[in-house]
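One structure is given here, and the rest of the page talks about it.
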Amino acid sequence: MNSLVLAAIAFAGYVLAYRLYGRYLARRVFAINPEAITPAHEFRDDRDFVPTRRAIVFGHHFASIAGTGPIVGPAIGVIWGWLPAFLWVLLGPIFVGAVHDFGAIVVSARNQGRTIGDTTGQIISPRARLMFLILIFFLLLMVIAIFAMIMGVLFTMYPESVFAVWGQIPIAVALGYVLKRTNIPAFPASVVGVLLLYLLIEAGVLLPLKMPSLFGVDPITLWVIVLLVYCYIASVLPVWRLLQPRDYINGHMLFVAMGALVLGMIVLHPPVSAPVLNLHPEGAPSLIPALFIIIACGAISGFHSLVSSGTTSKQIASETDAQPIGYGGMLLEGALAVIVLVCVAAAIGDANVWHQHYTGWKSTGGLAANLNAVVTGAANMLGAIGVPRVLATTAMGVFIAAFTGTTLDTATRLQRYVITELASTVRFRPLTTTHGATSVAVLSAAALALAQSGGKGGLMLWPLFGASNQLLGGLALLVTTVYLVRQGRNSLVTGIPMVFMLLMTGWAMIENFLDFWETGQWHLVIINAVILVLDAWMIVEAVAVLRRSGKEKAPEHEPVAVVS
């Protein structure tokens, strides 16, 4: 099988899905209303609620949901062969992930821009809301702590990327000022920003920056501290000052990188060296349900519902933006996952090279091994179009680190919203303020990350992350399904993927529970059990609501939590 054929099938499928299924969802299921007043206009404060041009919101949304997920997931999932991974990153985005993201934006936009957890209170019940918000808080706590550590590792692996990643910040701030205060069109301004970023990448090759050890503190721990301080600042700044323009630049950087990789794929058109099926890799878990947990962001990820309902819904200027941003953004992420799959299944080398890297489950373990497979394949494809290997490697390092940073500070901002919503429940006003909620978000993540040397504290909970993240996706689909039922609309489009995701994640969490029990990891046993109980409780609450209300319409508005 030629990799170019696989990519062409996937890309054509995404285009058709957007034009056919995406439009059906917009018109017939979610009944998008271009005249509706969005939260960005209704609650405009020019900090969190800011009506923004579609292209800029798309850049923010896509950069926030991408991160390392669509890169690492396929790099691991290909161990079971290219066919299962390819089918999941082709069909998953179309029928599961894009519907999930689209629905989360719509539900949030019609409920004052609140997070998917907070809207659960009126769509299902106040108890379900509290349980969901607790689950979301726990997940975001892991995301912030672990992604801060991952960025520290990336900066250590690719010191050439440090200059460009940090140099991007003043470029983004300047772009934000230009877009907000002048009439200069967004696209040419962003092109200048991207060109400056690529100049920084070239400079990074000449000026690699390594964090030294200071006062006995290792470099990765120091990076974690620096990054969490940055996250605090980025989270409290108005969204247009840094978050929007930086993500807009990252989005264009991604488009350039994806275009270059596709061009390299066309020139190189490497044959697929991975086996079609490899059902029993040494030491690996079973294909089902593990595939649907490991390949997350490239198909569906619960974290996307937090971005969709947390920051994106507060910025869209019209409901009509929800389809291109929510549904289209997920399809583009699927395309990125396909490109990564080509890197690790074909461009990495011949069958011998592939089997050397994927000798067994342990050989794919660790961030470095996963990223090296991707970077090797990407460098080979970029080399086919004349990009020097050192520049290609640095560009991929910047690309991965920049998107990890985007996810990191967006997650901090989302955690601020969640803490505010939880604090409003008990009327604890100090934590409903911007700085109060952000302080808890950052300090709790710092406590977890720094609980072990090297900022590795979050790894104590890492075995819970994959299944918990996908469970969040299933529960977000549950909320959207109940919403559609109560609106008298076709709920099968979210109900079927909801059932699938809840079954797969429940299966995976039960397997995890047994593994944790056998290995005596009692902290994971307890937390895993609590999550399963909360999951089951939310499902019971949702079923009870549906039995009582039938097709009665859900109220669209409720007093919003105080945010100041």
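Observations on the model:
- Residue that is farthest from Pro463 (Cα to Cα), among those in segment 338-389 that are in a helix (DSSP H, G or I) and over 28 Å from the mean Cα position of the chain (by Cα): Gly383
- Among the conditions (1) of a type in the set (A, V, I, L, M); (2) surrounded by 14 or more Cβ atoms within 10 Å (Cβ to Cβ); (3) at positive phi, Val29 misses just one, which is (3).
- Conditions (1) closer than 29 Å to Ala164 by Cβ; (2) among the aliphatic types (A, V, I, L, M); (3) part of a helix (DSSP H, G or I); (4) over 24 Å from the mean Cα position of the chain (by Cα): number failed by Leu431: (1)
- Per-region count, segment 32-59, residues within 17 Å of Leu175 (Cβ to Cβ), buried (at least 20 other Cβ atoms within 10 Å of the Cβ) and not aromatic (Phe, Trp, Tyr): 5
One line per residue, one yes/no per condition, for (1) aliphatic (A, V, I, L, M); (2) under 27 Å from Thr312 (Cβ atoms):
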| site | (1), (2) |
| --- | --- |
| Leu199 | yes, no |
| Pro208 | no, no |
| Val217 | yes, no |
| Ile220 | yes, no |
| Ile225 | yes, no |
| Ile233 | yes, yes |
| Pro238 | no, yes |
| Ile249 | yes, yes |
| Val256 | yes, yes |
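Matching residues to (1) in a helix (DSSP H, G or I); (2) within 21 Å of the chain's Cα centre (by Cα); (3) among the hydrophobic types (A, V, I, L, M, F, W, C):
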position	(1), (2), (3)
Gln122	yes, no, no
Phe137	yes, yes, yes
Phe155	yes, yes, yes
Gly167	yes, no, no
Gly176	yes, no, no
Pro188	yes, no, no
Leu197	yes, no, yes
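- Residue count for segment 394-431, restricted to those that are of a type outside the set (A, V, I, L, M, F, W, C) and surrounded by fewer than 21 Cβ atoms within 10 Å (Cβ to Cβ): 5
- Residues in segment 279-311 that are more than 24 Å from Phe11 (Cβ to Cβ) and either among the polar types (S, T, N, Q) or in a loop (DSSP other than H, G, I, E, B) (or both): Leu279, His280, Pro281, Glu282, Gly283, Ala284, Pro285, Ser286, Ser305, Ser309, Thr311.
- None of Pro271, Pro238, Pro285 is closer than 19 Å to Gly73 by Cβ, in contact (Cβ under 8 Å) with a residue 60 or more places away in the chain and surrounded by fewer than 19 Cβ atoms within 10 Å (Cβ to Cβ) except Pro285.
- Pairing each residue of segment 141-156 that is of a type in the set (S, T, N, Q) and surrounded by fewer than 24 Cβ atoms within 10 Å (Cβ to Cβ) with any residue that is modelled with pLDDT of 90 or more and assigned to a helix (DSSP H, G or I), provided the two are 6+ apart or on different chains, yields C-beta distances under 7 Å for Thr156/Pro219; Thr156/Ile220.
Matching residues to (1) of a type outside the set (A, V, I, L, M); (2) at pLDDT 95 or above; (3) in a helix (DSSP H, G or I); (4) farther than 30 Å from Leu502 by Cα:
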site: Leu443; (1), (2), (3), (4): no, yes, yes, yes
site: Ala451; (1), (2), (3), (4): no, no, no, yes
site: Gly457; (1), (2), (3), (4): yes, no, yes, no
site: Gly466; (1), (2), (3), (4): yes, no, yes, no
site: Gly474; (1), (2), (3), (4): yes, yes, yes, no
site: Val479; (1), (2), (3), (4): no, yes, yes, no
site: Arg489; (1), (2), (3), (4): yes, no, no, no
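- Val78 vs. criteria hydrophobic (A, V, I, L, M, F, W, C), surrounded by 20 or more Cβ atoms within 10 Å (Cβ to Cβ), at pLDDT below 95 and over 25 Å from Lys314 (Cβ atoms): yes
Conditions (1) closer than 26 Å to Gly113 by Cα; (2) in a helix (DSSP H, G or I); (3) at pLDDT below 85, marked per residue:
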| residue | (1), (2), (3) |
| --- | --- |
| Leu503 | no, yes, no |
| Trp507 | no, yes, no |
| Leu514 | no, yes, no |
| His523 | no, yes, no |
| Met538 | yes, yes, no |
| Glu541 | yes, yes, no |
| Arg547 | no, yes, yes |
| Pro555 | yes, no, yes |
| Val563 | yes, no, yes |
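- Helices (runs of 4 or more DSSP H) within segment 19-93 that include 2 or more residues under 18 Å from Arg110 (Cβ atoms): 39-42, 54-66
- Apart from one condition, Val340 fits all of (1) surrounded by 24 or more Cβ atoms within 10 Å (Cβ to Cβ); (2) farther than 18 Å from Gly264 by Cβ; the exception is (2).
- So Val276, is it assigned to a loop (DSSP other than H, G, I, E, B), under 20 Å from the mean Cα position of the chain (by Cα), of a type outside the set (Lys, Arg) and over 26 Å from Leu502 (Cα atoms): no
- Of the residues contained in segment 180-200, one or more are found to be modelled with pLDDT under 85, touching a Phe, Trp or Tyr at 6+ places or on another chain (Cβ under 8 Å) and basic (Lys, Arg).
- Of everything listed in (1) under 23 Å from the mean Cα position of the chain (by Cα); (2) of a type in the set (Phe, Trp, Tyr); (3) modelled with pLDDT under 90, the single unmet condition for Phe215 is (1).
- Leading residue by the ranking (nearest to Thr505 (Cα to Cα)) among those in segment 295-330 that are surrounded by fewer than 24 Cβ atoms within 10 Å (Cβ to Cβ) and not acidic (Asp, Glu): Gly328
- Yes/no for Tyr14 being among the aromatic types (Phe, Trp, Tyr), modelled with pLDDT of 95 or more and in contact with a helix residue (DSSP H, G or I) (Cβ under 6 Å, 6 or more places away or on another chain): yes
- Applying a threshold of 6 Å to beta carbon distances and a minimum spacing of six or more residues, or different chains, the list of pairs starting in segment 180-192 at a residue that is farther than 17 Å from Leu243 by Cα and ending at one that is part of a helix (DSSP H, G or I) and of a type in the set (A, V, I, L, M, F, W, C) reads Ile184/Val178.
- On inspection, Ile146 fails the criterion of being within 22 Å of Ala447 (Cβ to Cβ), of a type outside the set (Phe, Trp, Tyr), touching a strand residue (DSSP E or B) at 6+ places or on another chain (Cβ under 9 Å) and in a helix (DSSP H, G or I).
- Unique match (being touching a residue at least 12 places away in the same chain (Cβ under 8 Å) and touching a His at 6+ places or on another chain (Cβ under 7 Å)) among Ile65, Ile32, Ile56, Ile9: Ile65
- Filter result for Leu130 (at pLDDT below 90 and either surrounded by fewer than 23 Cβ atoms within 10 Å (Cβ to Cβ) or assigned to a helix (DSSP H, G or I) (or both)): no
The values are calculated or read from the model by the stated rules, or taken from the named source; none is laboratory data. Please read all numbers here as calculations on a predicted model, not as lab measurements. All Cβ positions, even for glycine, are placed from backbone atoms using ideal geometry, and neighbour counts span all protein chains on display.
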